[in-house]
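The values are calculated or read from the model by the stated rules, or taken from the named source; none is laboratory data. Keep in mind that this is a model prediction, so the values were computed, not measured. Cβ coordinates were reconstructed from backbone atoms using ideal geometry, including for glycine residues, and neighbour counts include every protein chain displayed.
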Amino acid sequence: MAQFLQIVLAGISIGAIYSLAALGFTIVFNATKVTNFANGEFVMMGGLVAASLVSNAQWPVPAAVALAVVVVTALGIALDKFGVQQARRKTILGYAMVTIGASLLYRGIMQVSAGRDVLFLPNFGVLPDLRLFDVYFTSQSTWILLTLVIVSGALSYLFLRTRIGKAMRAASQSPRAAALCGIEPARMSALAFGMAAAAGALAGALVAPVGGAFFEYGLGFGLKGFAAAVLGGFGSPVGAVIGGLLIGLLESLSAGYLSSAYKDAVALAILLGLLLAWPSGLLGRVEARRV
Amino acid sequence: MAPVEDVRGRVARRYWRDVTGVACLAVIALAIGLTVTRSYYLSMLVYSAIFAIAALGMSLLFGFAGQISVGQAAFFGVGAYTSALLVMRLGLPPLLGMVCATALAGVFGWLVSRPLLRLTTNYLAMGTLAFGVICFIVFAQLRFITGGIDPGIVGLAPFSIGPIVLDEPRKMYWLVAMVLCIVMLLVINLVHSRIGRALKALKVSEVAAAGLGVDVVRCKVATFTLAAALTGLAGSLYAHFQTAFNATVFGVGLSIELLIMVVVGSVATPWGALFGALFVTILPSFLDDFEHYKLLVWGVVMSAVMIYMPDGFGKGVVDVAVSLFKRRRLK
């Protein structure tokens, strides 16, 4: 029983990371209707920048994490301003290709600057390791879950209660009408990318002590984050959180009880299954167009 | 309004221009084969030709039908492993192995295409990406079949047709050059046929094309199957040329490189795939320590091209040249 609970806890912890990645997809899609293929790279860069600041420049962990979030947010806004906004071909395919190119670019930048080693952040500390009924709640997993709760709460407050959140929702529902009300779609778009990048970077920094940071990890985070977003219902922030936790749980259960070699394939198989059979997901409002 | 004969004439001229192009390609390939002796250069050309065959499939799928697939490496792997296993474990002649590999990759593509091609752009890209990664994981994990990542397939005999063994780049070059010319002719014929025009129509608007009587699903499935088969053929040739390889070849990087080949060349014509394959294969040899900067270079190239020249770098350059030429003629 304790082993089962431990596996469940591990699954929820990594699931929280996937939830943050999924929120990145959802926020950007809601604001711009663009699927940002570089979202996984935001997560990767958050972890890798923080880890290399700590390992190579001996920065203290909180400062390294903070700077990593700032840098990745800037890169996210840059992707919007210089990539998506500048695209000559303003079609879905065009934007998809631009973000695919950007994911390669960010991966390459990280490979050249942070190197080809898997780097680990030290545990964040401060919070204690807990032990309840033979189940270990490590300090880092508490940090992860706490961050998810805070970020989700902050985002809900932002979107439901603040003016800028309502402006973003208005811009996503109808860009033209929002523009008539004085809301700049370009600014909302940059804001969305920035928020997605910040959330992703936090996630990357949180998982770096546990899973390490490596320039090739972005693909995995991106695909699993996308799978989480689709599972929860693409376009729904609540769905993104639930989807992430579910994907993490399913991945952990299958690794623990079935086979750990195919662990990464589980989330991908779920993604394919969803796309083919159930694209609207749990809480989806967005229906995939069928041809 | 141009008279109908004029339009037909233009279309026919374009076709014969492309066929002449294939003839020129054959002549150039012949000339290169007879004059170039450095084994290194010939190796580069062999790899370029192999990837060009796969890129031609990608060009049909992405350039003409507009279906983005970031998982083609899976079919490259199917072709390579099928050829390797049929020759090594069952002792089949390599030519038969190559045919089987192409066919198997095509069948696999056909099986996967019907469900996948129901997805639209973003979901299709993610779906094919996921499919490619799953296949890579399977290749890496099924060690008893594929040898996985360590040791992989080792000691595959080089390609041989009857008594002729193609164990040097010089000899393999003739085979791949011939196969490339044949495939190019096939693709040109397809592009200029009713199916090719149907593909161009459905790329622009599937609904409109359906309204014109195009069987959209069958066209997309057929294109995907053909692309998979061509990629499998390339994989088979690759396996015999390399004689030893492991699963790391068939990862996302290869799928992305195939996409880059089509994008860098020109999305609109098969010749772009040829140019792109040459570019992507040969560029690494000009930069020292390319492996280290590979992702960065591809990232810059892909981002720049997709932002500023979405129809392909080759086409962008041609457009600029044509507009300069037109301006001078007006003067």
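Descriptive notes on the structure:
- You will find that of A:107, A:116, the residue that is at the interface with chain B (Cβ under 9 Å from one of its Cβ atoms) and not in a helix (DSSP H, G or I) is A:116 and no other.
- Filtered by the rule that a residue be under 20 Å from residue B:107 (Cα atoms) and among the hydroxyl-bearing types (Ser, Thr, Tyr), the range B:189-237 gives B:223, B:225, B:231, B:236.
- Set B:130, B:84, B:73, B:101: member being within 30 Å of residue B:36 (Cβ to Cβ), crowded, with 20+ Cβ neighbours inside 10 Å and either without any contact (Cβ under 8 Å) to a residue 24 or more places away in the chain or within 14 Å of another protein chain (Cβ to nearest Cβ) (or both): B:73
- Any helices (runs of 4 or more DSSP H) falling wholly within the range A:129-210 and containing at least 1 residues that are under 23 Å from the mean Cα position of the chain (by Cα) and not charged (D, E, K, R): A:139-161, A:163-173
- Among residues of the range A:1-31, those that are among the β-branched types (Val, Ile, Thr), out of contact with any Pro (no Cβ under 8 Å at 6 or more places or on another chain) and either buried (at least 22 other Cβ atoms within 10 Å of the Cβ) or closer than 19 Å to residue A:107 by Cα (or both), counted: 3
- Condition check for residue B:238: modelled with pLDDT of 85 or more and within 14 Å of another protein chain (Cβ to nearest Cβ): no
- The residues in the range A:41-82 that are within 16 Å of residue A:107 (Cα to Cα) and within 14 Å of another protein chain (Cβ to nearest Cβ) can be counted, and the count is 7.
- Filtering the range B:158-169 for residues that are more than 9 Å from chain A (Cβ to nearest Cβ) and part of a helix (DSSP H, G or I) leaves a non-empty set.
- Members of the range A:14-26 that are more than 16 Å from residue A:220 (Cβ to Cβ) and at pLDDT 95 or above: A:23
- Residue B:256 of a type outside the set (Ser, Thr, Tyr) and either assigned to a loop (DSSP other than H, G, I, E, B) or over 24 Å from residue B:22 (Cβ atoms) (or both): yes
- Any hit, the range B:193-214, residues being under 28 Å from residue B:305 (Cα atoms) and not in a helix (DSSP H, G or I): yes
- Within the range B:226-246, the residues that satisfy the criterion of being touching a strand residue (DSSP E or B) at 6+ places or on another chain (Cβ under 9 Å) and crowded, with 21+ Cβ neighbours inside 10 Å are B:238, B:239, B:240, B:245.
- Residue B:322 vs. criteria within 13 Å of another protein chain (Cβ to nearest Cβ), free of Cβ contacts under 8 Å to residues at least 60 places away in the same chain and surrounded by fewer than 17 Cβ atoms within 10 Å (Cβ to Cβ): no
- Test for residue A:216: is it acidic (Asp, Glu) and farther than 30 Å from residue A:264 by Cβ: no
- Counting only helices (runs of 4 or more DSSP H) that fall entirely inside the range B:28-139 and contain at least 1 residues that are touching a Cys at 6+ places or on another chain (Cβ under 7 Å), farther than 17 Å from residue B:220 by Cβ and modelled with pLDDT under 95, the qualifying elements are B:73-89.
- Residue match in the range B:277-291 (condition: modelled with pLDDT under 95, outside any helix (DSSP H, G or I), within 14 Å of chain A (Cβ to nearest Cβ) and on the phi > 0 side of the Ramachandran plot): yes
- Meets criteria (of a type in the set (Phe, Trp, Tyr), touching a Gly at 6+ places or on another chain (Cβ under 7 Å) and buried (at least 19 other Cβ atoms within 10 Å of the Cβ)) for residue A:159: no
- In the range B:262-276, of all residues being aliphatic (A, V, I, L, M) and modelled with pLDDT under 90, the one that is surrounded by the fewest Cβ atoms within 10 Å (Cβ to Cβ) corresponds to B:268.
- Of all the listed residues (A:246, A:276), the sole one being assigned to a helix (DSSP H, G or I) and within 12 Å of another protein chain (Cβ to nearest Cβ) is A:276.
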